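Reviewing the structure listed below.
The values are calculated or read from the model by the stated rules, or taken from the named source; none is laboratory data. All values reported here derive from a predicted model rather than from experimental measurement. Heads up, the Cβs are rebuilt from the backbone with ideal geometry, glycines too, and the neighbour counts pull from every protein chain shown. SASA here: full protein model, heavy atoms, side chains in, ligands and nucleic acids out. Shrake-Rupley method; radii C 1.70, N 1.55, O 1.52, S 1.80 Å.
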Amino acid sequence: MSYRKLVLLLAFLLIVPIAIFLVYAFAQGWFFPALWPERWDSELFLRQLRDPQVRRGFEQSLVVATGVSGLALLLGYPAARVLELQQFRGRGLIYGLFFLPTVVPSVATGIGLNIVFLRLDLAGTLFGVMLVHLIPVLPYVVLTLGSSLAHYDRNYEHQAAVLGASPWLVFWRVSLPLLLPSLVVAGVLAFLISWSQYVLSLLIGGGKIITLPMLLFSAASGGNYSLIASLSLIFIAPLLLLLGLVARYLGSPATGATPRP
Amino acid sequence: MQATARKRIWNLGLLIGLLSLIIASCGSNTATPTSAPSSTSLDLSNWTSIEQAANGQTVNWYMWGGSDSINRFVDEFYGKALKERYNITLNRVPVADTVDVVNQLLSEKEAGKTSGAVDLIWINGENFASLKQAKLLRGDWGQSLPNSQYVNWNNPAVNLDFGEPVESLESPWSSAQFQLIYDSAKLQASDLPRSYAALKEYACANPGKVSYIAPGPGAFQGTRFVKQALFEISGGAEQWLGAFNQQLWDQWSPKLWEYFNDLEGCLWREGSTYPKTENELHSLFANGEVDFSITQAIAGAGSLIKENLVPASARAFVFDDNMIGDFNYVAIPSTAPNPAAALVLANLILDPQLQAAQILPENGFGLGYGIDPTKVSDPALAAKLASAAQQLGDPATPASDLAKSLRSDIAAEYQSLIEQGWDANVLRK
C-alpha cells in the first residue's frame, strides 16, 4: 500500500467518529432495524448550546485551557532550554522526573493533591485546576520544545548579543522567531491536553469548577446518544477550529527542524 | 561562561527546593479548621429565620446528571421557584456517579475543612450508608421541615434506606418501584410473563430475547431483580422482612442460584454477558435484541419515550407479586457552606404542587411521590395530586397493578450476599 493510501485510510478513520456524532446529535428515535431515523431534530442540540450549564462549562474550559497553555509555555520553555542547552550533573534524572507524571495515573495524583489543594485553599478555584492540569501537560510541552531545541543553534543568539542586543531583545527578535513553530505546537498541545482532562478537574474543581468533559461524562453515564453526541460536537468544535488555525505550523518543522545555517 | 551558568542552575534549584518546603509547611499548618462552623446556628423551630438566612444564598446541589430530562426538570421547576420565592440561586452540579461526591466529602474531611463545596446531594443506598458511617451528614433536620408533615415517616420504606435507618439525616424526594417494559407493537399484554416462573418459560420459548442487569454495586436494579426472584422462589416476601436471618438465606439461596443457572442458557448471548446499567438494557430493548427492559419510574416508559431512549410503543408492566418499591432522598453534608438554602430546597421538594409536577412524564422526571398524598388535607392540593396520578397515560403501569405487587426492600446484609453469590454461582459458572 502506498503512503498516500495509508494517509487517506487514517484520515477516514479520524473523520468517521465525527460524522457519527453529527448523525446521532440530530437523529431522534433511531432504533434497529430501521434504516433511517424516525425524524431529524436539532432541538436537543440547540438546547445544549443555550443551556447555561453548558455555556459555563465551555467558558471555564476555555479559561483553564488557555491559562494552562500560557503557564505551560512559561514554565516549559526555560525548563526545556536548560535541559537541552546546558550540560550539568543529574540532567538525565531531571529529564526523567519531568516524564514521571505520564506514568503515574492521574487518579492517584489527583486524590492526594486534592487534600493538599484543599488545605491551600486552591481546590475549587480556576487557578487550582490550571495548576493541576500542568502535571499531565508539562511533560509534553518540555518534550516538544526540547526536541526542537536539540537542533537549535545558539550562535544566532550570541551573534545578536555581541552586536549589543539586550537579553530581552535577543529573545524577542532571535529566539522567538526561530522557535515559533514549536512554541505554537507546544501551546496547542497543552491546550488540547487540558481541554480533555476529566479526573483532575473533577477532583480539584470539586464541583465548583465545571468543565465540558465533566458535563460530557455525566451525560455519558445516562446513555442518551443524542445528548452525548450533541455535547461531543460542542466539545470538539473549538479543537477543530484551533487545529485549523495553526495547521501551517503542524507540518514538518513542528518537532524541531528549525533550519540550520 | 559555562561555569557561571552551572552555578546559576544550582542556585535556582536550591531556591525552588526551599520554596516548595515553605509551601508544604504552610499546607500542614492550615490543616486546622479555618472557617467557623456555620451549621450549628440554624434554628429549625423558627422556619422564617431559615428562609431569611437563605435569602441571597446559592445552593450547590450535587446530583447524578446523566438524564437531560431530569436536569431540565430540576432547573425549570426548582431553580425558578427558588429564585422567585426565596431569592436563592440553584447551582446544579452534575456528577457521573454519586460516589464522586462521597469521595469529595471524604477528602474535605481529610483536609480538615469545616466549610466545603456541597450543600445538597441526591442520594440513597450505599452512598448514604457510607456518609452516615463517616458522620459527614447533618442530622437535625429531615423530620423537622415544615413540609415533612406530608411524609409518612411511619412507613418502613421511608424511614429505612436500603435497610439503614434514615433518622433525620435525609428527606425523601421521590419513590420508585421495580417494573418491566415491553413493546406493545410486538407483544400483547395477555402474553406477558407475570412471575419469575413464567419469565423462565418465556425466555426458553424465545431464546436470547431476555436479559437482566448484572447485580453489583452501582447496579441496584440487577440486585433487586434477583432479590425479587428470591421472594417468589421461597414462597413469599414476608418471611424476609425484619432482621437479617442467615438460616433463611442458607435455606433458600441454593434454590435461587438453581433458578438463575437454569435461566442462563435461554438468555441473551446465553448469559455469557449481561448489561451493566439500566441504559444498556434500554438500548438492547430499543434495538429489538431483547423483549423486556427494566425501569423504576412511576411514569413507566413515559419519560424514556420522551427522551427517545425507547420506542413510543413501549409500555410498563409488573409481575403479580414481589415488585420492590423504595424511596430516594436528599441529604445535607455537615460541611455545607449554605445549609439554610439547602434546607429551603429540601422543603420545597416536598411541596405538594411540585410533587404533583414530578410524576408527570411530560415534565421529564417521572419518579413517584416522595410524600404520602393522603396526608395532604388541603382539598385543592389533594385534587391536584390525584389528578396528576391519573394523567400518567398508557406507558405507565396501572396504579392498581403497582399497589398489588408492591413489596418493601429487606435488610442490607442480603444486598451483598446476593451480589457476591450471583457473581460466584451464576456469572462464573
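Report the percentage of all Cα-Cα pairs in the stretch A:1-63 whose separation exceeds 18 Å, rounded to a whole percent. Provide the component values of the computation, followed by the final result.
Numbers: 1187 of 1953 pairs.
The answer is 61 percent, as a whole percent.
Before rounding to the nearest 500, sum -39500 (n - 2.57) across all DSSP H runs of length at least 4 in the protein assembly as shown and divide by the residue total; then give [θ] at 222 nm in deg cm²/dmol.
So the calculated ellipticity at 222 nm is -16500 deg cm²/dmol.
Specify the inter-centroid distance of the stretch A:86-120 and the stretch A:160-174, based on alpha-carbon positions, in whole Å.
Each part reduced to its Cα centre gives a spacing of 34 Å.
Classify the stretch B:119-240 as rounded, prolate or oblate, taking a ≥ b ≥ c as the square roots of the eigenvalues of its Cα gyration tensor: rounded when a/c is under 1.5, otherwise prolate if a/b is larger than b/c and oblate if not. Could the numbers behind the result be given before it?
Numbers: a/c = 2.44, a/b = 2.27, b/c = 1.08.
Prolate is the answer for the stretch B:119-240, as a/c is 1.5 or above and a/b outweighs b/c.
Nearest 10 degrees is fine. How inclined is helix A:52-85 to the longest principal axis of chain A, computing both from alpha carbons?
Tilt of helix A:52-85: around 20 degrees.
Calculate what fraction, in whole %, of the accessible area of the stretch B:299-357 sits on carbon and sulfur atoms when a 1.4 Å probe is rolled over the protein chains. Walk me through the numbers before you get to the answer.
On the way: 490 of 990 Å².
Taking all protein chains in place, the stretch B:299-357 shows 49 percent carbon and sulfur surface.
Provide the per-residue ³J(HN,Hα) series for the stretch B:325-338, in order, calculated from phi with Karplus coefficients 6.51, -1.76, 1.60 and θ = phi - 60°, each as a whole number of Hz, with x at glycine and proline positions.
Along the stretch B:325-338, the couplings run x, 7, 10, 10, 9, 10, 10, 10, x, 5, 9, 4, x, 10 Hz.
Extending each Cα 7 Å along its Cβ direction at A:LEU13 and B:ASN55, get the distance between those two points in nm, one decimal.
That separation, rounded to one decimal, is 6.4 nm.
Where is the GNM fluctuation largest for chain A (alpha-carbon springs, 10 angstrom cutoff): A:VAL184, A:VAL16, A:VAL132?
Evaluated over chain A, the most mobile residue of the options is A:VAL16.
What accessible area, in Å² to the nearest ten, does a 1.4 Å probe give for B:GLU201?
Using a 1.4 Å probe on the heavy atoms, I get roughly 130 Å².
So what is the orientation-averaged projected area of the stretch B:86-139, using the convex hull of its C-alpha atoms, in nm²? Write out the running numbers ahead of the final one.
On the way: hull surface 18.1 nm².
Mean orientational projected area (the stretch B:86-139, Cα hull): 4.5 nm².
Taking 20 Å² as the minimum loss, tell me which residues in the stretch B:115-144 lose that much accessible area going from the chain by itself to the full protein complex (1.4 Å probe).
Going by heavy-atom accessible area, the residues of the stretch B:115-144 that drop by at least 20 Å² are B:ALA117.
Just add up the charged neighbours of B:LEU44: K/R +1, D/E -1, any other residue whose Cβ is under 11 Å from the Cβ of B:LEU44. List each step's numbers first, then the result.
Details: positive: B:ARG138; negative: B:ASP43, B:ASP140.
In short, -1.
Take each complete run of DSSP H in chain B, measure how far its Cα atoms stretch along the helix's own axis, and keep only those covering 30 Å or more with mean Kyte-Doolittle hydropathy at least -0.5; list them. Don't skip to the answer; put the middle values down first.
Values: long enough: B:2-29 (41 Å, 0.72).
Helices meeting the criterion: B:2-29.
I need the phi-derived Karplus couplings for the stretch B:297-307: 6.51 cos²θ - 1.76 cosθ + 1.60, θ = phi - 60°, integer Hz, Gly and Pro marked x.
7, 5, 7, x, 7, x, 5, 5, 5, 5, 8
Points 7 angstrom from Cα along the Cβ direction at B:ALA424 and B:GLU258: gap in nanometres?
Inter-label distance under the simple model: 1.9 nm.
Using the Cα atoms of the stretch B:29-165 to build a convex hull, what is its mean projected area in square nanometres? Each step should come with its number before you reach the end.
Working: hull surface 37.8 nm².
Directional mean of the projected Cα hull area for the stretch B:29-165 stands at 9.5 nm².
For the stretch B:168-224, what mean projected area does the convex hull of the alpha carbons give, in nm²? Walk me through the numbers on the way to the answer.
Values: hull surface 24.7 nm².
Here the figure is 6.2 nm², rounded to one decimal.
Grab the alpha carbons of the protein assembly as shown, take their convex hull, and tell me the volume per residue in Å³.
Numbers: hull volume 139.5 nm³, N = 690.
Given the Cα convex hull of the protein assembly as shown, per-residue volume reads 202 Å³.
With only alpha-carbon atoms in the gyration tensor, what are the semi-axes of the equivalent ellipsoid for the stretch A:58-255, in Å, largest first? Walk me through the intermediate numbers first.
Working: eigenvalues 234, 84, 40 Å².
Result for the stretch A:58-255: semi-axes of 34, 21, 14 Å.
Could you state, as a whole-number percent, how many of the C-alpha pairs of chain B are farther apart than 33 Å? Don't skip to the answer; put the middle values down first.
On the way: 37333 of 91806 pairs.
Everything past 33 Å amounts to 41 percent.
Taking amide H positions as placed in the peptide plane 1.01 Å from N, state which residues far from B:VAL93 in sequence (5 or more) or on other chains have amide H under 5 Å from it.
B:TRP61, B:TYR62, B:MET63
Of A:GLY76, A:GLY164, A:GLY57, which is the most mobile in a GNM of chain A whose springs link Cα atoms less than 10 angstrom apart?
Maximum fluctuation in the GNM of chain A, among the listed residues, is at A:GLY164.
Treating only the Cβ of Lys, Arg, Asp and Glu as charged (+1, +1, -1, -1), what charge dipole size does the protein assembly as shown show about its Cα centre? Round to the nearest 20 debye. Please list the in-between numbers first.
Numbers: 46 positive and 54 negative charges, 706 e Å.
So the magnitude is around 3400 debye.
Arranged from highest to lowest average of other beta-carbon atoms within 10 Å per residue, in what order do the peptides A:93-101, B:360-368, B:282-290 appear?
So the peptides A:93-101, B:360-368, B:282-290, ranked by packing, come out B:360-368, B:282-290, A:93-101.
If one computes P(r) from the Cα atoms of the stretch B:218-279, what percent of pairs lie at distances over 13 Å? Don't skip to the answer; put the middle values down first.
On the way: 1291 of 1891 pairs.
Tail of P(r) above 13 Å: 68 percent of Cα pairs.
Give the lysines whose C-alpha is closer than 29 Å to that of B:LYS109, dropping any in the same chain fewer than 8 places away, or say none.
Here the lysines satisfying the reach criterion relative to B:LYS109 are A:LYS208, B:LYS132, B:LYS135.
Roughly how crowded by other chains is peptide A:82-89, in terms of the mean Cβ count from those chains within 10 Å of each of its Cβ atoms? Display every interim value, and only then the final one.
Numbers: counts 4, 0, 0, 1, 5, 3, 6, 3.
Per residue, the average neighbour count from other chains is 3.
At B:VAL99 and B:GLU76, where each label point lies 7 Å from the Cα along Cα→Cβ, what is the point-to-point distance in nanometres?
It is 3.3 nm.
Mind checking how much accessible area B and A bury in total, 1.4 Å probe, in Å² rounded to 100? If you can, show how the numbers build up before the last one.
Working: alone 19340 and 15180 Å², together 31200 Å².
Summing both sides, the interface buries roughly 3300 Å².
Please report the accessible area of A:LYS208 (heavy atoms, 1.4 Å probe, ligands and nucleic acids excluded) in Å², nearest 10.
Approximately 90 Å² for this residue.
List the lysines whose alpha-carbon lies under 22 Å from that of B:LYS227, not counting same-chain residues fewer than 8 positions away?
Excluding near neighbours in sequence, the set is B:LYS200, B:LYS209, B:LYS255, B:LYS276, B:LYS404, B:LYS429.
Percent of accessible area on the stretch A:58-255 owned by carbon and sulfur, 1.4 Å probe?
Details: 6220 of 8680 Å².
C and S fraction of accessible area: 72 percent.
For B:LYS404 and B:LEU248, calculate 0.36 nm times their separation in residues minus their Cα-Cα distance, and state this gained length in nm to one decimal. Walk me through the numbers on the way to the answer.
Values: separation 156, 0.36 × 156 = 56.16 nm, distance 2.50 nm.
Length difference between fully extended and current span is 53.7 nm.
First check a/c for the stretch A:1-106, with a ≥ b ≥ c the square roots of the eigenvalues of its C-alpha gyration tensor; if it is under 1.5, answer rounded, and if not, answer prolate when a/b is larger than b/c or oblate otherwise. Let's see the in-between values first.
Values: a/c = 3.51, a/b = 1.82, b/c = 1.93.
Oblate, because a/c is 1.5 or more while a/b does not exceed b/c.
How many partner chain Cβ atoms sit within 10 Å of a residue's Cβ in peptide B:100-109, on average, as a whole number?
On the way: counts 8, 2, 0, 4, 9, 1, 3, 11, 6, 2.
For peptide B:100-109, the averaged partner shielding equals 5.
In Å², and per residue, what accessible area does the stretch A:58-255 have when probed at 1.4 Å with the other protein chains present? Walk me through the numbers on the way to the answer.
Working: 8680 Å² over 198 residues.
Normalised by residue count, the accessible surface of the stretch A:58-255 is 44 Å².
Apply the Karplus parameterisation 6.51 cos²θ - 1.76 cosθ + 1.60, with θ equal to phi minus 60°, to every residue of the stretch B:114-119 and state each ³J(HN,Hα) to the nearest whole Hz, in sequence, with x for glycine and proline.
Values per residue, Gly and Pro as x: 9, 10, x, 10, 9, 9 Hz.
Can you list the residues of the stretch A:96-138 whose accessible area drops by at least 20 Å² going from the chain on its own to the full set of protein chains, with a 1.4 Å probe?
Listed by number, the residues meeting the 20 Å² cut-off are A:ASN114, A:ILE115, A:LEU118, A:ARG119, A:LEU120, A:ASP121.
Averaged over peptide A:204-214, how many Cβ atoms belonging to another chain are found within 10 Å of each residue's Cβ? Provide the component values of the computation, followed by the final result.
Values: counts 0, 3, 12, 14, 6, 1, 5, 0, 0, 0, 6.
What the average comes to for A:204-214 is 4.
Gaussian network model of chain A, Cα springs within a sub-10 Å range: biggest mean-square fluctuation belongs to which of A:GLN197, A:GLN28, A:GLN159?
Maximum fluctuation in the GNM of chain A, among the listed residues, is at A:GLN159.
Would you mind telling me the antiparallel percentage of the DSSP bridges in chain B, rounded to 5? Provide the component values of the computation, followed by the final result.
Values: 23 of 35 bridges.
Here the share of antiparallel DSSP bridges comes out near 65 percent.
Between rounded, prolate and oblate, where does the stretch B:266-316 land on the alpha carbon gyration tensor, with a ≥ b ≥ c its root eigenvalues, rounded for a/c under 1.5, else prolate if a/b exceeds b/c? Spell out each step's value before the answer.
Details: a/c = 2.27, a/b = 1.93, b/c = 1.17.
Since a/c reaches 1.5 and a/b is larger than b/c, the shape of the stretch B:266-316 is classed as prolate.
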